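Below: the structure, in structure tokens.
Throughout, read-outs are computed from the coordinates displayed, never taken from laboratory work. Small disclaimer: the values here were computed from a predicted structure and weren't measured. We place every Cβ from the backbone using ideal geometry, glycine too, and count neighbours over all the protein chains shown.
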Amino acid sequence: MSTSSSEEVEGGDGGGGGGGGDFEGPSSRRRMMRSSNGVWPEPFVEALAFQVAADTSLIVGRLAAAQALFNVFQVCSTWRAVSRSELLWQNLTRRIWSVGDLAHNTWREEFVYRHRTASNFRSRRCVYSSIHIPIDDNNNNDGLSCRRLALSDHHLAAGFSDGAVHLFHLPSRLHLSTFFPHYRDRIGRFSSSVSGIILSDIRLVFATLDGDIHLTVIDVGITPLRRAYMGDVVNDGVLVDFTGSNRWWVGLYAGVPGRAFHIWNSETEELVFIGGTLTDPEAVIGWHLLTEMTDLIGRVRVTSHENAVACTSLRVIVFDLANQGIVLVEQEWRRGITVASFDANNESTLITDSRGTASVRRVVDLEEICRFTITGASQQRGRILGCVNGGYGVVFGGGVIKVWEIEHGGYLYSFRERIGECNALTADDSYVAACSPDGILHLWDFRPQH
């Protein structure tokens, strides 16, 4: 599937170009117009343009939506005028790119920016840079391991096994601050190890294995770190993963039966639900996390539909956040699941089995969208890590990071930079970030370069 240049994306009076083939050619649309009498009302044309782009995105791919729009806008001057509707571009940006907040001057500019970035991601047009983690004079970072990475539009956060969270400014690549959890008596060497980070350009929230949750505001200066919730590791177990959104925080625990999930209202920081049995079989392994670095027990991700998806090495469940953790879908994996390669975005989840077969599934019902094979995954030494954004699956193995498109499961490319071993990997629609054991953060920036 080829993609057109950014000039084509912006061609015409607000038209767009893209890859993946035309949904319907302009000549057929002109014939349709000639056969009709009168002028179609603008709201009708706007609704038609939206539906054509949405259908094209669903059937062919997100990058094809721009070309479909361009074809619609070329029908006649009346239809071209619809391309100036900000409401149309807002609805299209939300539907096709799952973007709800405006970061540019207009929604049309937002749509074009997202199209360009996705096109860059598909064709490996990116800027690579490396960032060195600052070394503490009292601890030279020997033996430390990066446990979690998180991205926002302008920030990158890296959490380590000693509880430290390093915050970086992405446009400048500068280190902004280092946060350590508030000291208290620890149960086990790694009880303060970072188990999850929620990052936006407004605030940073992170949790540790002992269940403590800390928070700082970063949008206007950086406020002092405060403990938003004090964990109770004896009664709740070990907090093995932590994630969330602007409405929910979700913790996945292992160690105490029947308390696998904790759900908080992120606005009030109130704990609203405790329950679930997903990690009951992994209770003993959960306690071991406090004293030794073992493989991941489970992961949990929040999606845009008020749902969350979670896994262990044997099972995947989807549950409702607004209705007290009601399980919506549950499925077992006979071949087992590589937990470190499990991830989800707003619509899709990436699940890799123990033999290296990755499947992309719809979050709402776990129906398979596509699958691909991570070549030699079962024979590779070291960890297999995976993550997924709105259009691409990114997998690390054997020192190489590879990329697949997740609409049809086609392999695209591998990164030119070989980073050796990797402790943590994450991706959003603009960046891929990885951390190697030598304390170096590797960053690939796919944003349009001006």
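Between Leu174 and Asn323, the contour length at 0.36 nm per residue exceeds the Cα-Cα span by 49.5 nm. Spacing of the modelled spin labels on Arg416 and Arg189, each 7 Å from Cα toward Cβ, amounts to 4.1 nm. Just to confirm a number: summing +1 for Lys and Arg and -1 for Asp and Glu over residues other than Asp101 whose beta-carbon lies under 11 angstrom from that of Asp101, what do you get? Around Asp101, the surrounding residues sum to -2.
Sketch the reach of a paramagnetic label on His408 as a point 7 Å from Cα along Cα-to-Cβ, and name the residues of the range 87-130 whose backbone nitrogen lies under 19 Å away. Under 19 Å, as judged by backbone N against the label point of His408, lie 118-124 of the range 87-130.
Note the angle between two axes, namely the Cα long axis of helix 107-123 and the longest principal axis of the Cα atoms of the chain, as a number of degrees from 0 to 90, rounded to the nearest 10. Tilt of helix 107-123: around 70 degrees. Coupling constants for the range 237-244 follow from the phi torsions by the Karplus curve (6.51 cos²θ - 1.76 cosθ + 1.60, θ = phi - 60°), and in residue order they are x, 8, 7, 7, 7, 8, 8, x Hz; glycine and proline get x. Every helix of 4 or more DSSP H residues in the chain counts as -39500 (n - 2.57), and over all residues that averages to -5500 deg cm²/dmol at 222 nm. Considering only Ala68, Ile406, Thr93, the residue lying farthest towards the positive end of the dipole of the chain is Ala68, judged by Cα position with unit charges set on Cβ. Computed from label points 7 Å out along Cα-Cβ, the spacing between Glu330 and Thr373 is 3.3 nm.
Counting only cysteine Cβ atoms and a cutoff under 4.7 Å, the chain contains unmatched residues Cys76, Cys126, Cys311, Cys370, Cys387, Cys422. Per-residue 3J(HN,Hα) values for the range 224-230, derived from phi via the Karplus relation 6.51 cos²θ - 1.76 cosθ + 1.60 with θ = phi - 60°, read x, 5, 10, 8, 7, 8, 9 Hz in sequence order (x marks Gly and Pro). Extension gain, Ile440 to Thr277, is 54.9 nm, computed as 0.36 nm per intervening residue step minus the present C-alpha separation. The gain in end-to-end length when the Asp101 to His154 segment is fully stretched comes to 17.7 nm, 0.36 nm per residue minus the alpha carbon separation. With an a/c value of 1.5 or above and a/b not larger than b/c for the gyration tensor axes a ≥ b ≥ c computed over the alpha-carbon atoms, the range 264-338 is described as oblate. Model label sites at Arg94 and Asn235, defined 7 Å from Cα along the beta-carbon direction, differ in position by 4.2 nm. Taking 12 Å as the cut-off, the amide N atoms of the range 83-100 that come nearer than this to a point 7 Å along the Cα-to-beta-carbon line of Asn246 belong to 99-100. Against the set [x] 70, 70, 43; [y] 78, 47, 44; [z] 87, 73, 44, the structure's computed Cα extents along the principal axes in Å falls on [y]. Go ahead and collect, in residue order, the members of the range 382-397 whose backbone nitrogen is under 18 Å from a label point 7 Å along the Cα-Cβ direction of Met293. Only 382-386, 396-397 pass the distance filter. Computed from the Cβ-Cβ distance with R0 of 56 Å, the FRET efficiency linking Thr223 to Cys76 stands at 0.50.
Relative to the Cα centre, the charge distribution of the chain, modelled as +1 at Lys and Arg Cβ and -1 at Asp and Glu Cβ, gives a dipole magnitude of about 1100 debye.
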